[in-house]
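Okay, so here's the structure we're looking at.
The values are calculated or read from the model by the stated rules, or taken from the named source; none is laboratory data. No experiment lies behind these values; they were computed from the predicted model shown. FYI the Cβ positions are ideal-geometry reconstructions off the backbone, even for glycines, and counts take in every protein chain you see. For accessibility, only protein heavy atoms count, side chains too; no ligands or nucleic acids. Shrake-Rupley method; radii C 1.70, N 1.55, O 1.52, S 1.80 Å.
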Amino acid sequence: MKTNNHKPSRRYALVMLIAALVLALGAACAAPPAPTATTAPPTTAPAQPTAVPPSATPVPPTATPVPPTATATRVPPTATPVPPTATPVPTLKDVAAKISDNMGKVIKVVEGDPKRMVYLFEERHDSILGQMEVAVMLNRLYEKYGLKHIGLEGRPVEKGPLNLAWAHTKPYYKPGDKITAREDVFVHTLMSGEISSAEFIGLIYNDVVVDGIDDAKLHAVTLAAEAGNAPVVYLINIAYARMNASQRSTFQVLLDQKKDEDAANYAVSVDRFLTETYQRLSDPVNMISLEETLDLLDKIEAEAAKAGYKPTAKTQENFNAMRAWAKQMAQRSDLMVANILKVMAANPGAPVAMTVGAGHTPRMMELLAKAGVAVAQIRPLSLATGSTIGLLSAEQYRWKQEGKTVAPAGSLSALLRGRNKPDPVTEDKHFGYTEFTKRAFQNLGDYAWKQMQAAKLNTADDQTRRAWADAARQDLQNWVNDLMRYAVGIPDITGMTITGINVDPGVFLSIGIHVQLANGSFDASIAVKGGKPDVALTEFVEDKVTEMRKQDPTKPTEPPKEEQICDTTSVTVTKSG
C-alpha cells in the first residue's frame, strides 16, 4: 500500500486533533454572537374590509336581540386566558423523580420558592459507580431542565469556578450529538475514578459553571487514620471491660487468629448500646451525619466512664482529634449552604445542583428548608442500596485524599501527570496534558484501524499482512511527526516513534510506540479494536453504569495494567525510564 494514498484522510484527522490541542492551550473560544433579528417584509398586501353588497338582505327589525344579561360564553374581565400552547410546569418532585429514574433515590423533597431550586446530590467520595450515577442525573438536568451551575464540595469559594476552558473546543458538544473521541476519553476518565461527576459535566459542556462552595481552611483539615478509628477503639475497650472470663477468652482467640474484623464484631455484640452505636457509625447506606457523630462521641465517652474504661493518653488524644475534626467539618455544611444560596441569588429561576458527601446532607437540607428554598435530596442508587461495586481500593482512596492520581504507578496517567496535583484535578495542567495525550493515542489508533479496514486484509495471507504493516508503520510515523511538528499543546512529550504494528485483520490492531518525555521516556502498546461507539452521551454513560453494576460486588475494583482510555483503545506501558 502506498502511504501517500491516505494523505487526505490522515491530514484531516490530524488537523482536527491539532485544532483541539492548540485551542485548548489558550483561553476558551468565545461563543459567536447571536444573530441580530430582522423584520421580514410582508409577503401579502393588508386585507381590505369587505363591503356589503347592495343586494344584501338587511336584518329584519323584528330579529330578537341577544339578551344583554347573557354571559355564559363571555370571559370575565379579570380572567387570564390560558395560551393554547401552554404546558404544565413540572414540579420539583416531578423533575427529581424523572432525573433519578434507575440512577438514584429521592430521599426528601421540600417544595419552596420555585425561583430558588436546588438539587442536592449526596455521595460517597470513594465510589466510582456512585459518581457515574450522579453524572447521569446531572446530565439529565442539563439536557431537559437547563442546569448551568453545579456547586462542588472540595472547591474553595475563594478560588471561584473551575477554569475548564482548556477542555472546550469548537464544535462544542450538544445534547443528542454522537460522542467523539473527546467525550469518549472523558467518560473513561470518570470511570477510572480520577474525576467527580461535577467535573465531568463541566468538561463536557462549555456553558456549565462548576462553582466553588467550600471553605479553603476548613477543607484543608485532615484526619489521621488513628483518630478516625478512635471511636471504635473506645467501643472495643468498653466491651472488654464488660466481658466475663469466657467472652474475653473467645475474643482473644479471634485476635490471635488475626481475625480483627470478627473480633471487633464479637466485642460489640456483648452490649446493646455498643452494637447499635457500632452499626450506626458504620452504616453504608444511611451514612451518619457529622452532627450525629458529635452526639455519639459524647455518649461513647460517657459510656466509657460507666464501664470504668480509662483510655491511654494517646487514645484520648486521638478521640479528641476526631471530635475536633467533626466539629470543623460540620461548620463546612453551614458555609456551603451560605455559598450555594449566593449562586441561586445570582441565577434566579434557574435550577442549581450541588454534590456533597452524605455526612453533610441532613444539616444542609435543614438549612436550605429554613431559607425557603425548594430542594430535593437525591442519593445515587449504589449508595441507597449499599453496593460495594466500583469502590476505590483503600490505597487508591488514600492517594486521592493526599491529592495524588488514583492510577497505579507505571500507568500512562501516572507517568504523564506525576503524583502531586491540586484538588480538584481538572484544573491541573498536567491532567490536561494527559487527557490530550490519550486523545492523540485514540486518534492514532482510529486512523490506523480505518487504514486496515480500507486495505481489506480480512482474507490476506501473512506475507501480505506483514507488507501492509511495514507500509502502515511509516504512514503512522508520518502522522505522529506531523502531530509533534504542529501540536504545541503537549510540552511534556518531545517525541514519539512507532516501533511496530501487529494486526489481526478486522479484529485487532496493536501499535508499539516509544514516547520521549522532557525528563524521561516510556514504551507502550496501543491496542485498538473495532466498534467505535455511535451513540449520544446519555446512552453511552447509562450503558457503562449498567455494565459496572454487573461486576462481582465481593471483589474490589483494582485498575488493570492495561489502561482503557476510550471505548476502542487501551494502552499498556511496557517499559519506562
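Structure notes:
- Single match in Tyr172, Tyr205 (criterion: among the hydroxyl-bearing types (Ser, Thr, Tyr), modelled with pLDDT of 95 or more, open to solvent by 20 Å² or more (accessible area, probe 1.4 Å) and in contact with a Phe, Trp or Tyr (Cβ under 8 Å, 6 or more places away or on another chain)): Tyr172
A quick yes/no check of all residues on (1) assigned to a loop (DSSP other than H, G, I, E, B); (2) surrounded by fewer than 17 Cβ atoms within 10 Å (Cβ to Cβ); (3) modelled with pLDDT of 90 or more:
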site	(1), (2), (3)
Asp523	no, yes, yes
Ala527	no, no, yes
Val545	no, no, yes
Thr554	yes, yes, no
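- Search result, residues across segment 338-357 that are among the hydrophobic types (A, V, I, L, M, F, W, C), surrounded by 22 or more Cβ atoms within 10 Å (Cβ to Cβ) and not in a helix (DSSP H, G or I): Val352, Ala353, Met354, Val356
- Checking each residue in segment 460-475 for being closer than 14 Å to Phe508 by Cα and either open to solvent by 100 Å² or more (accessible area, probe 1.4 Å) or modelled with pLDDT of 85 or more (or both) picks out only Ala469.
- Among the residues of segment 282-320, those that are in a loop (DSSP other than H, G, I, E, B), surrounded by fewer than 16 Cβ atoms within 10 Å (Cβ to Cβ) and over 30 Å from the mean Cα position of the chain (by Cα) comprise Gly308, Lys310, Thr312.
Every residue, every condition in (1) without any contact (Cβ under 8 Å) to a residue 40 or more places away in the chain; (2) assigned to a loop (DSSP other than H, G, I, E, B); (3) not acidic (Asp, Glu), yes or no:
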residue: Tyr173; (1), (2), (3): no, yes, yes
residue: Arg182; (1), (2), (3): no, no, yes
residue: Val185; (1), (2), (3): no, no, yes
residue: Leu190; (1), (2), (3): no, no, yes
residue: Gly193; (1), (2), (3): no, yes, yes
residue: Phe200; (1), (2), (3): no, no, yes
residue: Asp211; (1), (2), (3): no, no, no
residue: Asn237; (1), (2), (3): no, no, yes
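- Top-ranked residue of segment 243-270 - restricted to ones that are open to solvent by less than 40 Å² (accessible area, probe 1.4 Å) and within 42 Å of the chain's Cα centre (by Cα), ranked as nearest to Asp126 (Cα to Cα): Ala264
- Options Thr180, Thr189; residue that is buried (at least 20 other Cβ atoms within 10 Å of the Cβ), on the phi < 0 side of the Ramachandran plot, hydroxyl-bearing (Ser, Thr, Tyr) and out of contact with any Gly (no Cβ under 9 Å at 6 or more places or on another chain): Thr189
- Meets criteria (open to solvent by less than 30 Å² (accessible area, probe 1.4 Å), over 22 Å from Glu199 (Cβ atoms) and not in a helix (DSSP H, G or I)) for Val375: yes
- When segment 129-153 is limited to residues that are open to solvent by 10 Å² or more (accessible area, probe 1.4 Å) and part of a helix (DSSP H, G or I), the one that is nearest to Glu547 (Cα to Cα) turns out to be Gln131.
- Contact map, segment 135-147: residues that are under 14 Å from Thr91 (Cα atoms) paired with residues that are outside any helix (DSSP H, G or I) and of a type outside the set (A, V, I, L, M, F, W, C), Cβ distance under 9 Å, separation 6+ or inter-chain. Pairs shown: Leu141/Tyr119; Leu141/Pro351; Lys144/Pro175; Tyr145/Pro90; Tyr145/Pro351.
- Whichever residue in segment 107-121 is more than 17 Å from Asn339 (Cα to Cα) and modelled with pLDDT of 95 or more and, among such residues, is nearest to the chain's Cα centre (by Cα): Ile107
- Screening Thr222 against (1) closer than 30 Å to Phe186 by Cα; (2) open to solvent by less than 60 Å² (accessible area, probe 1.4 Å); (3) not in a strand (DSSP E or B) leaves a single unmet condition, (2).
- Taking the criterion of being modelled with pLDDT under 85 and either more than 33 Å from the chain's Cα centre (by Cα) or at positive phi (or both), the residues of segment 476-519 that qualify are Arg485, Val503, Asp504, Pro505, Gly506.
- Residue count for segment 90-124, restricted to those that are open to solvent by 10 Å² or more (accessible area, probe 1.4 Å) and either in a helix (DSSP H, G or I) or in contact with a Gly (Cβ under 6 Å, 6 or more places away or on another chain) (or both): 9
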